[in-house]
């Protein structure tokens, strides 16, 4: 009996997953538990395992498709079984990698060269059954240069492609060797602006994937990188971002860390101290611990701190829920645990959502100051830079030098004004310079 394989729900906050890679093809024999594909949420990567044994009868989606959770992605059973009832209405069936012997060769898709006076008016469109035709001379010229004339919009009567259209399209492109022409027609490759052969002729080794840039290796934006790109653009387009910069004297914070070790307590990093300081200051500046929802502002009772983590797959932001209830030791331990899970790719998707304020640190990479991008709908994110040596004046007027740590606070000016954001930053600096690791007290207390 045929059994559908569904896209699993990777956490309550996940509505779809990107199917990044198939590990099987139709006709393959699989056993229960075999890995069929690699799937990604916008945060983490997982293996999709078979829930049945048998033959892969059909794959319903292609690599890089965004597949809704609980949708059928494939079906396993015995050859000849009817699978129509399992096929999703909006799927795009994956095609076998190797074409059949009778299949027509792939048509070269040749992009127009950089804009010039002779080519600026040439347009390209996919072939269609409504083409107005191609003149014999135009077809002969296009074929000689490894080009499908049907992809060119003609300027002849009724839109017919004529010789001058092909010449305009090919202007500035090199001639192709015989082997290069085969690669253009059969593999869909295109030549560079100038080939390595005699008089600039493009040889087979010069042919490249359409859209390639001279001297650069081009790869598609997909998976988590694509999602990050979309979310960063969405953040910048939907928020009014303003960044405030400050810094704090590290003297007291470093002394606190040293004293902890002398007292036999667990080691905490500067990042842990800053995370704890954010939480303490948000308790007295709750307007910063919020989401901007367009016509509403949701202020959280507890702090759910997101901590940005650099991983081989890209930036992830695990969330320490109810972090305002934790001691500095508990907070430090939780940050380490979630950061490790992010780097290993085992972080549950639900641990990557629901933050109310985010901390990001580039200090270990030598960056002094930067402009963090909001993790919308959060209204604030704090960036931490690297240690810098700065002069300071003592109460007696003497100028000495001390280590300072830069802080960059980005806010959504739609939800919070600059003055209250500056007061939060001021409180944070005061706390870190006077009483880190302890309950927060106001400067005037």
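The values are calculated or read from the model by the stated rules, or taken from the named source; none is laboratory data. Here the structure is a predicted model, which is why all the values come from computation and not from measurement. Note: ideal-geometry Cβ built from the backbone for every residue, glycine included; neighbour counts use all protein chains shown.
List the strands (runs of 3 or more DSSP E) that sit entirely inside the range 226-310 and contain at least 1 residues that are under 30 Å from residue 19 (Cα atoms) and touching a strand residue (DSSP E or B) at 6+ places or on another chain (Cβ under 7 Å). Before you say what the answer is, go through the steps one by one.
Values: elements: 241-249, 290-292, 297-299, 305-307.
Here the list reads 305-307.
On inspection, residue 393 passes the criterion of being without any contact (Cβ under 8 Å) to a residue 12 or more places away in the chain and either in contact with a strand residue (DSSP E or B) (Cβ under 6 Å, 6 or more places away or on another chain) or under 22 Å from residue 291 (Cβ atoms) (or both).
Just checking, which of 45, 50 is assigned by TED's automatic domain parsing to the domain that holds residue 8 and in contact with a helix residue (DSSP H, G or I) (Cβ under 8 Å, 6 or more places away or on another chain)?
Working: 50 fails: in contact with a helix residue (DSSP H, G or I) (Cβ under 8 Å, 6 or more places away or on another chain).
Just a single option satisfies the conditions, and that option is 45.
A quick yes/no check of all residues on (1) in the same structural domain as residue 288 (by TED's automatic domain parsing); (2) surrounded by fewer than 19 Cβ atoms within 10 Å (Cβ to Cβ); (3) over 27 Å from residue 293 (Cα atoms); (4) without any contact (Cβ under 8 Å) to a residue 12 or more places away in the chain:
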{"position": "332", "(1), (2), (3), (4)": "yes, no, yes, no"}
{"position": "340", "(1), (2), (3), (4)": "yes, yes, yes, yes"}
{"position": "345", "(1), (2), (3), (4)": "yes, yes, yes, no"}
{"position": "355", "(1), (2), (3), (4)": "yes, no, no, no"}
{"position": "359", "(1), (2), (3), (4)": "yes, no, no, no"}
{"position": "366", "(1), (2), (3), (4)": "yes, yes, yes, no"}
{"position": "369", "(1), (2), (3), (4)": "yes, yes, yes, no"}
{"position": "374", "(1), (2), (3), (4)": "yes, no, no, no"}
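Given the structure, is residue 398 surrounded by fewer than 21 Cβ atoms within 10 Å (Cβ to Cβ) and over 29 Å from residue 236 (Cβ atoms)? Yes; evaluated as a whole, the condition is true for this residue.
The strands (runs of 3 or more DSSP E) falling completely within the range 1-60 that include 2 or more residues that are in contact (Cβ under 8 Å) with a residue 40 or more places away in the chain, in contact with a strand residue (DSSP E or B) (Cβ under 6 Å, 6 or more places away or on another chain) and within 24 Å of residue 354 (Cα to Cα) map to 16-22. Among the residues of the range 311-328, those identified as closer than 12 Å to residue 276 by Cα and touching a helix residue (DSSP H, G or I) at 6+ places or on another chain (Cβ under 6 Å) are 320, 323, 324, 328.
Quick check on the range 118-138: of everything there that is modelled with pLDDT of 75 or more and either touching a strand residue (DSSP E or B) at 6+ places or on another chain (Cβ under 8 Å) or in a loop (DSSP other than H, G, I, E, B) (or both), which residue is nearest to residue 206 (Cα to Cα)? Walk me through it before giving the result.
The initial filter retains those residues of the range 118-138 that are modelled with pLDDT of 75 or more, namely 133-138.
This time we only want the ones that are either touching a strand residue (DSSP E or B) at 6+ places or on another chain (Cβ under 8 Å) or in a loop (DSSP other than H, G, I, E, B) (or both), so: 133-135, 138.
Numbers: 133: 31, 134: 28, 135: 30, 138: 25 Å.
My answer is 138.
Tell me yes or no: at least one residue of the range 149-159 is at pLDDT below 80, assigned by TED's automatic domain parsing to the domain that holds residue 181, assigned to a loop (DSSP other than H, G, I, E, B) and under 25 Å from residue 179 (Cα atoms). Write out each step before concluding.
First, pick out the residues of the range 149-159 that are at pLDDT below 80: 149-159.
Filter once more, so that each one left must be assigned by TED's automatic domain parsing to the domain that holds residue 181: 149-159.
Now narrow it down to the ones that are assigned to a loop (DSSP other than H, G, I, E, B): 153-156.
Adding the requirement that they be under 25 Å from residue 179 (Cα atoms) leaves none.
No.
Residue under question is residue 328, and the condition is that it be over 23 Å from the mean Cα position of the chain (by Cα), crowded, with 19+ Cβ neighbours inside 10 Å and touching a residue at least 60 places away in the same chain (Cβ under 8 Å); does it hold? Judged against the criteria, residue 328 is a match.
Selection of the range 51-75 for residues being more than 25 Å from the chain's Cα centre (by Cα) and on the phi > 0 side of the Ramachandran plot yields only 54.
Residue-wise test of (1) touching a strand residue (DSSP E or B) at 6+ places or on another chain (Cβ under 9 Å); (2) modelled with pLDDT of 95 or more; (3) within 30 Å of residue 227 (Cβ to Cβ).
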position	(1), (2), (3)
368	yes, no, yes
406	yes, yes, yes
412	yes, yes, yes
438	no, no, no
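Test residue 284 against the stated conditions and say whether it is surrounded by fewer than 17 Cβ atoms within 10 Å (Cβ to Cβ), farther than 19 Å from residue 239 by Cβ, touching a residue at least 24 places away in the same chain (Cβ under 8 Å) and assigned by TED's automatic domain parsing to the domain that holds residue 239. For residue 284, the condition - surrounded by fewer than 17 Cβ atoms within 10 Å (Cβ to Cβ), farther than 19 Å from residue 239 by Cβ, touching a residue at least 24 places away in the same chain (Cβ under 8 Å) and assigned by TED's automatic domain parsing to the domain that holds residue 239 - is met.
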